[in-house]
Amino acid sequence: MTSKDLSRMGLVDAVITEPLGGAHRNHHLAASRLKLYLRAALRELVGKPIDVLLEERYQKFRRMGVFLEGQPTDALPTEEVSSPIDRALP
């Protein structure tokens, strides 16, 4: 499975693009991208009430167990979600 597969299936919140050649080739840039994402994500989460956070988490994990027998994973319903890193980048 690729990161795009996991994202399409709703199993990850976001895919943080690696530097050319992989994170091991430029760990400073990889760490910088991760830091940017985490800051934006935390900024977004801080403003939400606890009951909303808990319900969203519950629903997220409930969706992870959904499958349709005999259908390819790309047939599963998905929703377009923009990640905090997308909103943080110019």
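Provide I16, I50 ordered by accessible surface of protein heavy atoms (probe 1.4 Å), highest first.
I50, I16
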Notebook entry, point to check: How much length is gained if the chain between K48 and R62 is pulled fully straight, taking 0.36 nm per residue apart and subtracting their Cα-Cα distance, in nm to one decimal?
Noted result: 3.0 nm
Item checked: Net charge over other residues, Cβ less than 13 angstrom from the Cβ of L34 (K, R count +1; D, E count -1) -> +1
Check: After finding the eigenvalues of the alpha carbon gyration tensor for segment 9-64, what semi-axes result from the square roots of 5 times each, listed largest first in whole Å?
Finding: 28, 15, 6
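The values are calculated or read from the model by the stated rules, or taken from the named source; none is laboratory data. Every value quoted in this text rests on a predicted model; they were computed, and no experiment measured them. In this analysis, Cβ positions are derived from the backbone assuming ideal geometry, glycine residues included, and neighbour counts consider all displayed protein chains. Just the protein is used for accessible areas: all its heavy atoms, side chains included, with ligands, DNA and RNA removed. Shrake-Rupley method; radii C 1.70, N 1.55, O 1.52, S 1.80 Å.
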